[in-house]
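Structure first, commentary second.
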Amino acid sequence: MKGLGNLANLGQMLKQAQEMQSHIADLQQELAGTKTTGSAGGGLVRVTMNGQFQVTEVKIDPGVVNPDDLSLLEDLLLVAFNEAAGRTQEYAKKRMTEITGGFQIPGLLGG
């Protein structure tokens, strides 16, 4: 009867995998509605993105716009974008760890 026990274990594993897949789909929806913001220059430049890494807003204080020094604005934008992306990634990883109990799924959020 050892074979029946293995079938029961396989059935339980499949059920758990389906539940995890459902939770991951829910997380993807949650992430679409989540917003994180990165800033630079003491808040003079702010970039907001959703949990799917889509930029939803860019705010630039007019005082930082200097046609003679566009490299400063470019640097500030780069810092703000990277900060927003890092915060988004950290939030997504935290939520994924909560869903999977720390189990790493290859190819999913750097797993």
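Restricting segment 59-74 to residues that are surrounded by 14 or more Cβ atoms within 10 Å (Cβ to Cβ) and in a helix (DSSP H, G or I) leaves a set whose member that is nearest to the chain's Cα centre (by Cα) is 73. Taken together, 99, 105 contain a single residue that is assigned to a helix (DSSP H, G or I), out of contact with any Pro (no Cβ under 9 Å at 6 or more places or on another chain) and modelled with pLDDT under 90, which is 99. Selection of segment 1-58 for residues being free of Cβ contacts under 8 Å to residues at least 24 places away in the same chain and assigned to a strand (DSSP E or B) yields 35, 56, 57, 58.
The values are calculated or read from the model by the stated rules, or taken from the named source; none is laboratory data. Please read these numbers as outputs of a predicted model, since none were measured by experiment. When we count neighbours, we look across all protein chains shown, and the Cβ atoms used for this are built from the backbone with ideal geometry, even at glycine.
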